[in-house]
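The structure appears right after this line, and notes come after that.
Here, each number is a calculation from the coordinates, and none is a lab measurement. Model, not experiment: these values are computed from the prediction. A quick note on method: Cβ atoms are made from the backbone with ideal geometry, for glycine too, and the neighbour counts reach across all protein chains shown.
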Amino acid sequence: MVTEPRLSVERTPSAMVLITEDLIRRRAEHNDCEIFSLEEVSLHQQDVERIDHLDKWCRQLKILYLQNNLIPRIENVGRLKKLEYLNLALNNIEKIENLEGCESLQKLDLTVNFVGELSSVRSLNANIHLRELYLVGNPCAQFEGYRQYVVASLPRLKWLDGKQIERSERIRALQDYQQVQQRIMEQEEAYLLKRSGERQEAQNQSRAQQTDAKHAKGKAAGNDGRWYTDNTLSAENQENCPEVNPGDGRVKSDEEDAAFWQQPSHYTPESRLETHRYMEEKRKSKESRSEDKRKVKPARTLIAEDGRVLNVNEPNNLMCRLDFSLVDDEENNQIILDLGIYRHLDTSLVDVDVHPNYVRVLVKNKAFQLVLPEEVKPDSSSARRSQTTGHLVVTMPKASELIQKPRKTSSAVQSQNSTKVQNSSRRTERLEVDPKARSCPDVANIIQERRAQGPLVLSGCRPRDGSENGGDFTEDSEVPPLI
């Protein structure tokens, strides 16, 4: 398993930022932090002031991003034989050099630098695969005949400053090359002379600033050698004292800051570097000032000295005070706390602690504490969080057992129930009958049976004439006489 290195840059005693192995490994996450086989690395906006170590650690590099740094010159890239794209935009480069060893170089971006020696572009003839070049934003791009000179000097170039080089343009540039070259040399010589004066002026200004810094440091100290920011001064005097940079002792005020930005200066590598260092110095001064003025807040009092538990709803950075509701569920003999936690807050930042008489919830180390109306069972309590709203629901059973009372019924209901019981007791039982007995009789068979036995004789009927069938007649006392 590859450990994740710490992102850092190394600063030399002269405050120069260098490229470190940890920085490269951090930028090589897509390559499992392996740098020997790294083919692409981005080191932009790291305040790097020198190209170093890359030609030793990353021999397989094909794409290298170094834009928006403080690099003054191109160096230590000659061993990158597989390098195809080099981006050095927004740096302090003044000359094109040391790229002959980049045999596979196809694209070079030097946008917004300080290249004034346009003749140095001819060194790129050694890069036979170079097809794209960007010099826009450099002083040399303002020279008369700049494009014609570059097109004629680099016959293999296909694109210059994002514009394709046509064949007709190249022919015209080659025809006028002698005249254009002469004009370019004159303008380049004038620029280098001007640049030398700017460099000398910057050195003089730097010496003056150092002298002013020493003078300000001498004024800042008292007769006894102590600074006026010592703790021996009163709090009121400390608040009225101007800002002092702990590095050089210079006083930082709004007037000085405004004077720095309003002071006219040339657009040179020295002025750009000075601006960067001024901003870095101001940032460090502000950080040190904030650390000194930062007061450690006392711990929030959750329990008073006399043992009383306090209700606390500490404000949170995300949601201010937490909304909550406390419900006494008498039916289930429990107390329910619904705490409105922000739904996007990770649950690992929430800590719940239930006590017999109160409940405490820590949300990002901010305390919410509530005294309970009754004693609860901490061991039987549970906490759940809604995946939809993010609310935290804490269920706390009461310590006292609930005695269930018998339910009272009304007299009307009792009488109705007794009536139902009586009616059910009076119901007659019905015996099950054979289903065959319920079926309809077969009339045809009955008639056939009667025909076979003879005429049908009604029992209990007295014949009209006593002589008819007198022998078979029997008197039945239960049958009423016929009229």
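Observations
- Computed extension length for Q205-K82: 40.0 nm, one decimal, from 0.36 nm per residue of separation with the Cα-Cα distance subtracted.
- Neighbourhood charge, 13 Å Cβ-Cβ cut-off, centred on K158 and excluding it, Lys, Arg +1 and Asp, Glu -1: +2
- The modelled label-to-label distance for the pair Q387/N365, using points 7 Å beyond Cα in the direction of Cβ, is 3.1 nm.
- Placing a pseudo-label 7 Å from each Cα along the Cα-to-Cβ vector at L273 and E330 gives an inter-label distance of 8.3 nm.
- On the beta carbon distance between F36 and Q106, with R0 = 25 Å, the FRET formula returns roughly 0.60.
- Take 58-66, 263-271 and order them by the average number of nearby Cβ atoms within 10 Å per residue, most first; the result is 58-66, 263-271.
- Estimated FRET transfer efficiency when R0 is 51 angstrom, pair R183-E291 (beta carbons, to 0.05): 0.30
- Charged side chains reduced to their Cβ positions (Lys and Arg at +1, Asp and Glu at -1) give region 153-196 a dipole of some 200 debye around its Cα centre.
- Members of K82/K158; K284/K366; K107/K163; K56/K284; K214/K286 lying beyond 23 Å, as alpha-carbon distances in this model show: K284/K366; K56/K284
- Considering only G137, I96, L80, the residue lying farthest towards the positive end of the dipole of region 44-152 is L80, judged by Cα position with unit charges set on Cβ.
- Peptide packing for 199-206, 255-262 was compared via the average number of neighbouring C-beta atoms within 10 Å per residue; ordered from the highest value, the list is 199-206, 255-262.
- Using a Förster distance of 56 Å, the FRET efficiency for H344-Q175 (Cβ separation, nearest 0.05): 0.25
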